[in-house]
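Since the structure comes first, as structure tokens, the remarks are kept for the end.
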């Protein structure tokens with residue numbers, strides 16, 4: 001017995017979400033079926049309002065309710081550095097630390113030739129335009145990507161593009177997280193920890 005058409009269509013829609021399989025999609029749908037109708041209407045309205053309520057900041061390409069976004073217009077942000085990240089949720093993760101007070105640029109992904117994500121599919125052109133129009137205000141570019149193949153290749157590609165601007169180019173340090181046990185760390189993490197060692 002298959003599900004009624006409406007349920008199956010919802011399951012299929014949820015299953016398209018990143019990291020969500022058929023089983024998780026089914027759990028979402030049956031959770032929704034147990035909710036009061038007013039909660040479902042509120043949820044549906046939030047989704048329907050997304051295109052009108054959320055925009056892409058014309059400066060940093062982050063999702064925002066205002067254009068330019070709160071980070072770009074804030075006078076308390078350090079204007080001399082831009083942290084380039086893949087996605088908007090990376091901005092949130094960095095902000096949670098309270099350790100970074102500079103500006104951001106959201107690429108919208110990382111290079112992945114196998115999946116068809118080429119440089120023209122990312123917001124690299126917008127970043128280069130920002131650097132051209134910066135009038136020497138920008139002094140450092142931080143490449144804040146995941147330490148995977150796509151993140152590393154994106155960082156390498158961008159560093160070559162940015163080099164002619166004579167800016168300081170840095171990337172997030174890699175290595176052992178606090179509380180980690182050296183005995184159980186993988187070889188790559190240990191190697192990165194050794195490379196990123198610092199003087200006490």
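Bear in mind these aren't lab numbers, they're just calculated from the coordinates by the rules spelled out. Source: prediction; values computed, not measured. When we count neighbours, we look across all protein chains shown, and the Cβ atoms used for this are built from the backbone with ideal geometry, even at glycine.
What to note about this one:
- Rounded tilt (10° steps) of 88-97 against the dominant C-alpha axis of the chain: 60 degrees
- Normalised contact order of region 132-200, rounded percent, pairs of Cα under 8 Å and 6 or more residues apart: 29 percent
- Burial ranking of peptide ranges 166-176, 101-111 (average Cβ count within 10 Å, highest at the top): 101-111, 166-176
- Residue 133-residue 181 pseudo-label distance in nm [points 7 Å out on the Cα-to-Cβ vector]: 5.3 nm
- The chain - percent relative contact order, Cα under 8 Å, separation 6 or more: 13 percent
- Relative contact order computed over region 18-92 (Cα-Cα under 8 Å; 6+ residues apart), in percent: 14 percent
- Of (i) 214; (ii) 153; (iii) 129, the label for volume of the Cα convex hull per residue in Å³ derived from the coordinates: (i)
- Diffusion coefficient (Stokes-Einstein, Kirkwood radius over C-alpha pairs, 10 °C, 1.306 mPa s) for region 21-102: 101 µm²/s, rounded to a whole number.
- Volume of the convex hull of region 95-200 (Cα atoms only), normalised per residue: 151 Å³.
- Within the chain, DSSP assigns beta bridges of which about 20% are antiparallel (rounded to the nearest 5).
- Maximal additional length on extending the residue 120-residue 41 stretch stands at 24.6 nm, based on 0.36 nm per residue less the C-alpha distance.
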